[in-house]
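S.K.: Below: one structure in structure tokens.
The values are calculated or read from the model by the stated rules, or taken from the named source; none is laboratory data. None of the values given here were measured: they were computed from a predicted structure. Virtual Cβ from ideal backbone geometry, glycine too; neighbours counted across all protein chains shown. Side chains included, ligands, DNA and RNA excluded: accessible areas come from the protein's heavy atoms. Shrake-Rupley method; radii C 1.70, N 1.55, O 1.52, S 1.80 Å.
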Amino acid sequence: MKIAVLPGDGIGTEIVAEAVKVLNVLDLKFEMEPALVGGAAYEAHGHPLPDSTLKLAKESDAVLFGAVGDWKYDKLDRPLRPEQAILGLRKNLGLFANFRPAICYEQLVGASSLKPELIAGLDILIIRELTGDIYFGQPRGRRTAVDGHFPGAEEAFDTMRYSRPEIERIARVAFEAARKRSKRVTSVDKANVLETFQFWKDVVTEVHKDYPDVELDHMYVDNAAMQLVKAPKKFDVVVTGNMFGDILSDEAAMLTGSIGMLPSASLNSSNQGLYEPSHGSAPDIAGKGVANPLATILSAAMMLRFSLNQPEAADRIESAVKDVLASGLRTGDIWSEGTKRVGTREMGDAVIAAITKKTITG
Ligand code: NAD
């Protein structure tokens, strides 16, 4: 098994170091090879995704990614900005399915802005299609309007589109994922207004015929946005398009209160994947040793489960994270009165101690 380790910028290097430490105590045989990406790669090679990094990612079973970006690169031409590395990896590896779990840990119920009874026990999975929709549809651009409300005025436009195979493959991913959970899928669309999403709904309904054991319901995106804050536990697996998924996955993630706890996975059709925390490079706290490494450590657990076929090792990491939270250790972002504040390294060490203790005591 080969893992490409791409820490990136800002807190990326600090949090990925902790995830690598955790992977190293699992007694599994991996080859882990590091490479530069993002601003760090731009500084060294003049490009955020150098050919050597892309080659390594392509020949690996999985990519463990930290975060990229810093305000200082905001003036660069768009193709040279650190964030382009993520788009380049998604495109070149064909990563079309984005998994974002939103799990509320018992000990962190108070971190949510929702009432505890709405959020306690929350465990939902948002599956977002990642390579189609209005973000990539052509044509797009600016022009002079020939019709509409203001003919002759300058206007901008994008194209929303989905092909049948694109919808079929993401629907299958969602139904398969639901089979391993509570067998419920909510497909989110805007079929009442958009032709693209009427087609989406029709195709998801057709694919569902192959999964009679899974319950399927459809919901308009505006209602889904409301239901996520009104009664989030109603959902289990949510599948949706690129733009709606972009927004809803951030909304669902924030239900849990801390961005430092949220892993994500982006997979292609051969289960090769890119695993990264949902947060960015946090330049405001970079280098201070205070970042929460748990989202990255939990991303490594997802990597073991989805790309490396090591579900037991994934369980061990996830259960160690729960033990550490139960013991009262907290990084600053999840700290509350009565808990003990620790730094990035101490948090990583505590997860390792919880894993090894379990191994020793059986
Ligand atoms: P951010 O997620 O980096 O930070 C938002 C806030 O959350 C900050 O206050 C930060 O300190 C805090 N935070 C984030 N992760 C944390 C952690 N693990 N522990 C404790 N606190 C944490 O978002 P931003 O500030 O909007 O963006 C910073 C940079 O990151 C930008 O250059 C942006 O483009 C980039 N970015 C990259 C990714 C990615 O690499 N996938 C995603 C989002 C943003």
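S.K.: Ignoring ligands and nucleic acids, what accessible area does R78 show with a 1.4 Å probe (Å², nearest 10)?
M.R.: R78 exposes around 150 Å² with every protein chain in place.
S.K.: Something else now. Using only Cα atoms, figure out Rg for the range 268-362 and give it as a multiple of 2.2 N^0.38 Å.
M.R.: Values: Rg = 14.5 Å, N = 95, 2.2 N^0.38 = 12.4 Å.
Here the Cα radius of gyration is 1.16 times the empirical estimate.
S.K.: Can you bin the range 9-167 into rounded, prolate or oblate? Criterion: square roots of the alpha carbon gyration tensor eigenvalues sorted a ≥ b ≥ c, rounded for a/c under 1.5, prolate for a/b above b/c, oblate for the rest.
M.R.: Values: a/c = 1.93, a/b = 1.29, b/c = 1.49.
Oblate.
S.K.: Name the most mobile residue of T131, T205, T240, meaning the one with the largest mean-square fluctuation, in a Gaussian network model of the chain with Cα contacts below 10 Å.
M.R.: Comparing T131, T205, T240 in a Gaussian network model of the chain, the most mobile one is T205.
S.K.: Pairs of Cα atoms under 8 Å, at least six residues apart: use those to get the relative contact order of the range 136-203, whole percent. Show your work: numbers first, answer last.
M.R.: Working: 61 pairs, mean separation 15.9, N = 68.
RCO, the range 136-203: 23 percent.
S.K.: Something else: What does the net charge come to around G94 if you take all other residues with beta carbon closer than 11 Å to its beta carbon, with K and R at +1 and D and E at -1? All intermediate terms of the calculation are to be shown ahead of the outcome.
M.R.: Details: positive: K58, R90, K91, R169; negative: none.
It works out to a net charge of +4.
S.K.: Right, next: If a/c stays under 1.5 just call it rounded; otherwise compare a/b with b/c (prolate if a/b is bigger, oblate if not). Do that for the range 98-261, with a ≥ b ≥ c from the square roots of the Cα gyration tensor eigenvalues.
M.R.: Judged from the Cα gyration tensor, the range 98-261 comes out oblate (a/c at least 1.5, b/c at or above a/b).
S.K.: Related question: In whole percent, what relative contact order does the range 98-261 give with Cα contacts below 8 Å and a gap of six or more residues?
M.R.: Values: 288 pairs, mean separation 55.0, N = 164.
In percent, rounded to a whole number, it is 34.
S.K.: Rounding to the nearest 20 debye, state how big the charge dipole of the range 98-261 is about its Cα centre with +1 on each Lys and Arg Cβ and -1 on each Asp and Glu Cβ.
M.R.: Numbers: 21 positive and 25 negative charges, 66 e Å.
Roughly 320 debye for the range 98-261.
S.K.: Based on Cβ point charges of +1 for Lys and Arg and -1 for Asp and Glu, what charge dipole magnitude is obtained for the chain about its Cα centre, in debye rounded to the nearest 20? Don't skip to the answer; put the middle values down first.
M.R.: On the way: 42 positive and 49 negative charges, 91 e Å.
Using only the charged Cβ atoms, the result is roughly 440 debye.
S.K.: Where does the chain land at 222 nm, in deg cm²/dmol rounded to the nearest 500, when only DSSP H runs of n ≥ 4 count, each adding -39500 (n - 2.57), divided by all residues?
M.R.: Numbers: 12 runs with 144 residues, N = 362.
Here the helix-only value at 222 nm equals -12500 deg cm²/dmol.
S.K.: Further, regarding this structure: Determine the gain in length on full extension of the stretch T205-E154; use 0.36 nm per residue of separation and subtract their C-alpha separation, reporting nm with one decimal. The partial results should precede the final answer.
M.R.: Numbers: separation 51, 0.36 × 51 = 18.36 nm, distance 3.98 nm.
Here the segment from T205 to E154 would lengthen by 14.4 nm.
S.K.: How high is the relative contact order of the chain, in percent, counting Cα pairs under 8 Å that sit 6 or more residues apart?
M.R.: Details: 745 pairs, mean separation 76.0, N = 362.
Contact order relative to length: 21 percent.
S.K.: What's the local net charge at K115, with K and R +1, D and E -1, over the other residues with C-beta under 14 Å away? Please report the intermediate quantities before stating the final value.
M.R.: Working: positive: K230, K233; negative: E117.
Charge balance near K115 sits at +1.
S.K.: Can you list, bin by bin at 10 Å, the percent of alpha carbon pairs in the chain, starting at 0?
M.R.: In order of increasing distance, the bins hold 5, 23, 32, 26, 11, 2, 0, 0 percent.
S.K.: Now, a different point. Tally Lys and Arg at +1 and Asp and Glu at -1 over the other residues with C-beta under 14 Å from the C-beta of R143: what net charge comes out? Please report the intermediate quantities before stating the final value.
M.R.: On the way: positive: R140, R142; negative: D147, E154, E155, D158.
With Lys, Arg at +1 and Asp, Glu at -1, the net is -2.
S.K.: With each label point set 7 Å from Cα along the Cα-Cβ vector, what nm distance links D315 and K21?
M.R.: About 2.6 nm, to one decimal.
S.K.: Sticking with this one: For the range 98-261, give me the percentage of DSSP beta bridges that are antiparallel, rounded to the nearest 5 percent. Can you show the working numbers first?
M.R.: Details: 10 of 23 bridges.
Bridges in the range 98-261 that DSSP calls antiparallel: roughly 45 percent.
S.K.: Enumerate lysine pairs in the range 98-261 that are 8 or more residues apart or on different chains, then count those whose Cα atoms are under 24 Å apart.
M.R.: Lysine pairs satisfying the spacing and distance rule in the range 98-261 number 22.
S.K.: What's the extension gain from H45 to L76 if we count 0.36 nm per residue and subtract their Cα-Cα distance?
M.R.: Details: separation 31, 0.36 × 31 = 11.16 nm, distance 1.46 nm.
Working it through step by step, the gained length comes to 9.7 nm.
S.K.: Calculate how many DSSP beta bridges within the chain are antiparallel, expressed in % of all such bridges and rounded to the nearest 5. The partial results should precede the final answer.
M.R.: On the way: 19 of 46 bridges.
Expressed as a percentage, antiparallel bridges in the chain total about 40.
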